[in-house]
Amino acid sequence: MRGDEGDGRGQVWRSRRYRWDLRWSPYAFVAPFFLFFAAFGLFPLLYTGWAALHQVELTDPDSMTWVGLRNFTRLWDDEFFWNALRNTVTIGLLSTVPQLAIALGLAHLLNYKLRGSAFFRVAVLTPYATSVAAATLVFVLLFGRDYGMVNWALSTVGFDAVDWQNGTFASQLAVSTIVIWRWTGYNALIYLAAMQAVPGELYESAALDGASRLQQFIHVTVPSLRPTIFFTCVVSTIGATQLFGEPLLFNGGAGATGGSDHQFQTLGLYLYEQGWVNLHLGRASAIAWAMFLILLVIAGAARLLRGREASR
Amino acid sequence: MRSLRAGRLTYAVLVLFTAGSLFPLMWTAIAASRSNTRLAQTPPPFWFGGNLGRNLQVAWTDANMGAALLNTVIVASTVAAGTVVFSTLAGFAFAKLRFRGRRLLMSLVVGTMLIPPQLSVVPLYMLIARLSWTDRLQAVILPTLVSAFGVFFMRQYLAQALPSELVEAARTDGASSLRIVWHVVFPAARPAMAVLAMLTFVMAWNDFFWPIVALTQNGSPTVQVALTGLGRGYVPDQSVIMAGALLGTLPLLLVFLVFGRQIVGGIMQGAVKG
């Protein structure tokens, strides 16, 4: 019993405050997210579209000249844009497909009853804690043409040295390796989590039917994991379209060109080059919108694909 | 759950994977302990040399690593703390409170996860340039202080881990929403808050795209931006570059060594529910 219970005005005030609290607190709790998002997410998002229709230079971002769609038409005729788009697709495929395939196999192994399973899980996730910058700098050395460890290892088994920084395919493969190294363990853990949710009876009945371990993996594990695989494909695709740090730093001194001959310049890197090296913020905005449209197209295609699969 | 015992082959493959995961890190340390001349010879070194101290010192002064590390610690802890508090508040509201527009707002949160960061980098830069924030730490802290993933993660956790009766009981006792958050929600959310804090800390520590746009190397960069300076050849010495990479990675590896199991658990938990 509280002392002021009998005080009528206090009670009115309290119940009013109670209703007010009940009604508005939820909004107060979600407000910080939306305020920050409005300021640093939504406003920039819309403004990029606006800036893409202007000529804006980094040196004087406040003066904008209306140019209509010219930034976009220039992009259409820009061979470096198409080159970057091609590279993004190639490196994306080279990194995403092996990465997810290896992760799936790795998760399968981690799903066995293991001694030291915690150790293995932490160990394969360690690259995730390594920054793009640190990882890329190490791989630049490992992939060195003359004294790098990869070429040394190749030479011991009788192969010629590969010019990992200048060859087109070789450099794209090397950049993809960095991505694969950093993200395979992460994806393996996501698959592992999904595998542990697969009911054991499915395996038991498959085993009764005489399915080998490999057959169980193909006919029980993979189908049960389909939503998770779809999820990781989407996330990795988004990551691949944004690839930036690896190609920027894989390139000795040349900076944002993505190799001496733009051989591994991605869209993300091209955007950075246009905006912060060539100082054309308007054109950079147009590239950003082009990237977004490409993502939307991929998302639409994935949806169609998924819809067809579901209706099967 | 399945309890197939692993055979020798499984262990062999896993050990191979582990070696592949750890080798580049270990080799960073080996290269950092050698001299530049030794790195320009074949075969490459496989074991530690005696130059670690000297290389660390050069990296420390040339790339201004001390200041960069301090800046990164400030950025990563502030972002982690902000993300955890704001995500828990919003996650609690979405999981346990009834209010108009709740579904719509939640789908907005999820929708924001799909927006690529490139799409806002130009105006964001113009914004911080106008505020004269370039080279200031708030330029990298404020835009990443909230996270849609965090809100989603905390909502999923609290929907399960926090019994609605507990919230109702506190209300009947006359507790205000803020008191409920402090005395009921935060204690219940503590394990998930810890996981989210670590995940966010790792992400903020390693963030690259936005910091390199917003911070130059002359100002107060984070470790990742400072490392770029080393890599671009202001210091052409490879062993020093590796020493810098080691300095930028070591603190996180220590965090990982101590909290690795929880981080693994957090990723797996987020995956199942996500």
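Details
- Within region B:36-60, restricting attention to residues that are in a helix (DSSP H, G or I), at pLDDT 85 or above and open to solvent by 60 Å² or more (accessible area, probe 1.4 Å), the residue that is nearest to B:GLY229 (Cα to Cα) is B:TRP60.
- Region B:97-116, residues that are modelled with pLDDT under 80 and buried (at least 16 other Cβ atoms within 10 Å of the Cβ): B:ILE115, B:PRO116
Quick grid of which residues meet (1) touching a strand residue (DSSP E or B) at 6+ places or on another chain (Cβ under 6 Å); (2) within 7 Å of chain B (Cβ to nearest Cβ); (3) assigned to a helix (DSSP H, G or I); (4) under 27 Å from A:THR232 (Cα atoms):
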residue	(1), (2), (3), (4)
A:ARG121	no, yes, yes, yes
A:VAL138	no, yes, yes, yes
A:VAL150	no, no, yes, no
A:LEU154	no, no, yes, no
A:ALA161	no, no, no, no
A:ALA174	no, no, yes, yes
A:TRP181	no, yes, yes, yes
A:THR184	no, no, yes, yes
A:LEU189	no, yes, yes, yes
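- Residue list for region B:77-94, filter: within 11 Å of another protein chain (Cβ to nearest Cβ) and either buried (at least 22 other Cβ atoms within 10 Å of the Cβ) or in contact with a Cys (Cβ under 8 Å, 6 or more places away or on another chain) (or both): B:THR83, B:PHE86, B:SER87, B:THR88, B:LEU89, B:ALA90, B:GLY91, B:PHE92, B:ALA93, B:PHE94
- None of B:VAL167, B:VAL202 is open to solvent by less than 10 Å² (accessible area, probe 1.4 Å) and closer than 23 Å to A:PRO127 by Cα except B:VAL202.
- Screening B:VAL13 against (1) within 9 Å of chain A (Cβ to nearest Cβ); (2) in contact with a Phe, Trp or Tyr (Cβ under 7 Å, 6 or more places away or on another chain); (3) of a type in the set (A, V, I, L, M) leaves a single unmet condition, (2).
- Residues (facing chain A (nearest Cβ under 7 Å) and in a helix (DSSP H, G or I)) located in region B:95-108: B:LEU105
- In region A:224-243, the residues that are in contact (Cβ under 8 Å) with a residue 24 or more places away in the chain reach residues that are of a type in the set (Phe, Trp, Tyr) with C-beta atoms within less than 8 angstrom, at least six apart or across chains, in these pairs: A:LEU225/A:TYR191; A:THR228/A:TYR191; A:ILE229/A:TYR191; A:THR232/A:TYR191; A:SER236/A:TRP183; A:GLY239/A:TRP183; A:GLN242/B:PHE209.
- Test for A:GLY144: is it open to solvent by 30 Å² or more (accessible area, probe 1.4 Å) and modelled with pLDDT under 90: no
- Check on A:LEU85, in contact with a Phe, Trp or Tyr (Cβ under 6 Å, 6 or more places away or on another chain) and open to solvent by less than 40 Å² (accessible area, probe 1.4 Å): no
- Checked against the criterion of being outside any loop (DSSP other than H, G, I, E, B) and within 11 Å of another protein chain (Cβ to nearest Cβ), the candidates B:LEU158, B:LEU124 yield just one match: B:LEU124.
- Of the residues contained in region A:210-221, none is found to be under 22 Å from the mean Cα position of the chain (by Cα) and either open to solvent by 10 Å² or more (accessible area, probe 1.4 Å) or more than 9 Å from every other protein chain (Cβ to nearest Cβ) (or both).
- Test result for A:THR257, open to solvent by 20 Å² or more (accessible area, probe 1.4 Å) and farther than 23 Å from A:ILE180 by Cβ: yes
The values are calculated or read from the model by the stated rules, or taken from the named source; none is laboratory data. Remember, predicted model here, so these are calculated numbers, not experimental data. No Cβ is skipped: glycine too gets one built from the backbone with ideal geometry, and neighbour counts run over all protein chains shown. When the accessible area is computed, the model is the full protein with side chains, heavy atoms only, and any ligands, DNA or RNA have been set aside. Shrake-Rupley method; radii C 1.70, N 1.55, O 1.52, S 1.80 Å.
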